[in-house]
Amino acid sequence: MNGVLIIDKPAGLTSHDVVNRARRILQQRSIGHLGTLDPMATGVLPLVTGSLTRLAQFYTTSEKTYEGTIRFGFATDTYDAEGEATTAPQEVCLRAEAVEAAASRFRGVIEQTPPPFSAKKIHGVPAYKLARKQKEVVLKPVQVEIKEFTILAVEADRARFRARVASGTYMRSVAHEMGRELACGAHLESLRRTAVAEFTLEDAHTLEELANAAGNSSLSKGSTETAVSFPSSTTASPEGTPDNSPPVPLAGAMTKPEPRPVGTPEALEALFIHPRKLLPDLPSVTADEPTAARIRSGRTVNLPELSRARLVKVFAGQKELIAIATRVAGTLFHPKIVLTTQAPQDAVCGNSDKVSEIFLDNSMSANHHSRN
């Protein structure tokens, strides 16, 4: 299955946990995500499956939108509610004017120091690994852009906000620095991502919805192992199994089987983003059979109607996205990536697609605190 699926990530799961459950539900290993969410955060987590994992390179700098709550009164070592307090708690009664004045300093292009519990590397070692061992973590400030930072409400010691940011921005750091500005300490209490690039909460589905559509409702919950595992037939024990198999009934006991939703290909397909909606800034062209064949074989094609475009999406029919092509000269376009499961195509195109490989490898290692 090749596509893009938007999951509404629940709190308590790492982004990798979500990927792993999706792999088990869909019985497919080639799945990754576009942009990590911390375990405490919820909301939009785009998953790419099959050959469309190769689209990851086009989303590495995607804009993101959040809503959340900053709690004032004490700071934490992780800069969020999951960490240990690093300052003595104090009673705070915020004034909306003071919070707004502090927030104004975080709009636009700013210098931001990432949290010590983050995936930023120090001499090749992720900062969060050093922080967990209580080793000193010194990270250099980086330039980020906060395009919108609106204080929605101020109540006692909490402020609700909405933010629209460029890739690489840590809202945990914003909360921490806001506490410093107001001299009372602060941390990020909650965070919900409402959009990534063109994907919004309106496109999102829960893991339960995915499992029901696939006919694997029992797999929407379960272990968060980092190894990829696919469900297999098991024998129930008196205590049940990790996959929530029912206990073995006592002899003579009357049991009523629980109804199991049966998924259909149509129900599952309906959860995926229509390919025509992907990368909306790129123009689309529907190739005829000879042109599609040339594209699939990694050969240059003539697309006169798109002579001014730098990159184009090439479709075979209405729903099959077969390539992203780049203009090489005039009306000639060469496939930058061919979206096919046939491995030899990468060699033909001269594109080993390292971004996708790194992206999939990274999605297989669970970072407790990484970029939000």
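No lab work stands behind these numbers, since they all come straight from the coordinates. All values reported here derive from a predicted model rather than from experimental measurement. Every residue, glycine as well, gets a Cβ built from its backbone with ideal geometry; the counts of neighbours run over all protein chains shown.
Could you list, in sequence order, the residues of the stretch 87-99 that are touching a strand residue (DSSP E or B) at 6+ places or on another chain (Cβ under 6 Å) and under 17 Å from Ser173 (Cα atoms)?
The answer is Val99, and nothing else.
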| request: Give the residue that is surrounded by the most Cβ atoms within 10 Å (Cβ to Cβ), with candidates limited to residues of the stretch 275-292 that are of a type outside the set (D, E, K, R) and over 33 Å from the mean Cα position of the chain (by Cα). | output: Thr291
| Residue in the stretch 106-116 that is surrounded by the most Cβ atoms within 10 Å (Cβ to Cβ), counting only those that are part of a strand (DSSP E or B) and of a type outside the set (D, E, K, R) | Gln112
